[in-house]
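The values are calculated or read from the model by the stated rules, or taken from the named source; none is laboratory data. The model shown is predicted, which means the values in this text are computed figures rather than measured ones. Here the Cβ positions follow ideal geometry from the backbone for every residue, glycine too, while neighbour counts run over all protein chains shown.
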Amino acid sequence: MVDAPVGFRCPECVRRAGVPAAAAAPGVPRRARSVGARQAPWRLTGTRGLSVTVVLIAVNVLVFLATFSNVDEAAYEWGLFWLVRTGPTTYVGVGTGEYWRLLTSMFLHGGIAHVAMNMLALYIFGIQMERIVGRLWFLALYLTTGVAAGVSFLLLSPKGFAVGASGAIFGLFGAMLALIIARRHTTEGRAMLQQFIGLLVVNLLFSLMPGIAWQAHLGGFLAGFALGWVLDHSENIAVRIAPFAGILAVSAYVAVAGPF
């Protein structure tokens, strides 16, 4: 923030007004003042240029359209499962070294309703989260929680099968909850927390319906909450990277060692 004759002004406002920052407050020495994340209601960053959220939605939709004519075959080739027998002694899956399924399964969907609901949720929460943490951190958050969701599914349902972006989307839910809890002492934060808890309960109940991979939702949500908390409470790059690296390292270990 930049000192002004009355209060403070952000550097962007000073630039838009065409006033040199040093002259914003005549007679007052210029100094920077840091405003922590918990004091500023929301830090909007990365609001210009191509949106990562829009790119992710486009990729998901394009993959769905490309696989629409044969969803089952695409799910078999790129979906998430530990082992599936393809012959008397032949298996395929993450258990045979096909670790890329942890990523590719995030972009597959089983039907129009499936992809539509996931993309709507991704747009609503993705746009907000991307503006708060920035494009690169948002992309890292989305992919890391998606991988964590896949690993959680393999651990809790080693004989199951899953596709869809909902694990990563629940990761965004978890990260958003961490940001809101950090602001629970403000009027805005308390109102948002009440609204978000209601929305979260509905989604958690929906996760318990038959055919829904609640295991992936749980893993993505917990990973997202942890990563969101770190992103909100530290500006140090090393501190921010550490939990991402830790989650990916654990995921790699499970993918190699197996869920048993």
| query | Is one or more of the residues making up the stretch 101-115 polar (S, T, N, Q) and either surrounded by fewer than 24 Cβ atoms within 10 Å (Cβ to Cβ) or under 9 Å from the mean Cα position of the chain (by Cα) (or both)? | reply | yes
Expected single match for closer than 26 Å to Glu130 by Cβ and surrounded by 12 or more Cβ atoms within 10 Å (Cβ to Cβ) among Thr53, Thr96 is Thr53
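Would you confirm, using the coordinates I've provided, whether Leu80 is more than 25 Å from Tyr253 (Cβ to Cβ), surrounded by 18 or more Cβ atoms within 10 Å (Cβ to Cβ) and touching a residue at least 60 places away in the same chain (Cβ under 8 Å)? Reasoning before the result, please.
Values: more than 25 Å from Tyr253 (Cβ to Cβ): no; surrounded by 18 or more Cβ atoms within 10 Å (Cβ to Cβ): yes; touching a residue at least 60 places away in the same chain (Cβ under 8 Å): yes.
No.
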| query | Is it the case that Thr145 is polar (S, T, N, Q), surrounded by 24 or more Cβ atoms within 10 Å (Cβ to Cβ) and either more than 25 Å from Val61 (Cα to Cα) or modelled with pLDDT of 95 or more (or both)? | reply | yes
Looking across the stretch 192-209 at residues that are within 19 Å of the chain's Cα centre (by Cα) and among the polar types (S, T, N, Q), the single one that is farthest from Ala149 (Cα to Cα) is Asn203
Going through (1) buried (at least 16 other Cβ atoms within 10 Å of the Cβ); (2) within 18 Å of Ala175 (Cα to Cα); (3) of a type in the set (Val, Ile, Thr) one by one, Val254 fails only at (2)
Those residues of the stretch 205-247 which are out of contact with any Lys or Arg (no Cβ under 9 Å at 6 or more places or on another chain), crowded, with 18+ Cβ neighbours inside 10 Å and among the hydrophobic types (A, V, I, L, M, F, W, C) amount to Ala213, Trp214, Ala216, Leu218, Phe221, Leu222, Ala223, Phe225, Ala226, Trp229, Phe244, Ile247
Of (1) more than 19 Å from Ile132 (Cβ to Cβ); (2) outside any helix (DSSP H, G or I); (3) free of Cβ contacts under 8 Å to residues at least 12 places away in the same chain, Gly164 satisfies every one except (3)
Checked Tyr99, Tyr123 against criteria (outside any loop (DSSP other than H, G, I, E, B) and of a type in the set (Ser, Thr, Tyr)); the one match is Tyr123
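Residues in the stretch 114-135: is at least one of a type in the set (Phe, Trp, Tyr), under 21 Å from Thr67 (Cα atoms) and in contact (Cβ under 8 Å) with a residue 12 or more places away in the chain?
No: zero hits.
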When the stretch 60-77 is checked residue by residue, the ones that are among the aliphatic types (A, V, I, L, M) and either outside any helix (DSSP H, G or I) or surrounded by 14 or more Cβ atoms within 10 Å (Cβ to Cβ) (or both) are Val61, Val63, Val71, Ala74, Ala75
Residues of the stretch 139-160 being of a type in the set (A, V, I, L, M, F, W, C) and within 8 Å of the chain's Cα centre (by Cα), in sequence order, are Leu139, Ala140, Leu141, Leu143
(message) Within the stretch 178-185, does at least one residue satisfy the condition of being closer than 20 Å to Asp232 by Cα and small (Gly, Ala, Ser)?
(response) yes
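Results for (1) among the β-branched types (Val, Ile, Thr); (2) in a helix (DSSP H, G or I); (3) closer than 23 Å to His109 by Cβ; (4) at pLDDT below 80, shown as yes or no for each residue.
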{"residue": "Ile180", "(1), (2), (3), (4)": "yes, yes, no, no"}
{"residue": "Gly189", "(1), (2), (3), (4)": "no, yes, no, yes"}
{"residue": "Leu193", "(1), (2), (3), (4)": "no, yes, no, no"}
{"residue": "Asn203", "(1), (2), (3), (4)": "no, yes, yes, yes"}
{"residue": "Met209", "(1), (2), (3), (4)": "no, no, yes, yes"}
{"residue": "Gln215", "(1), (2), (3), (4)": "no, yes, yes, no"}
{"residue": "Val230", "(1), (2), (3), (4)": "yes, yes, no, no"}
{"residue": "Ala238", "(1), (2), (3), (4)": "no, yes, no, no"}
{"residue": "Ile241", "(1), (2), (3), (4)": "yes, yes, no, no"}
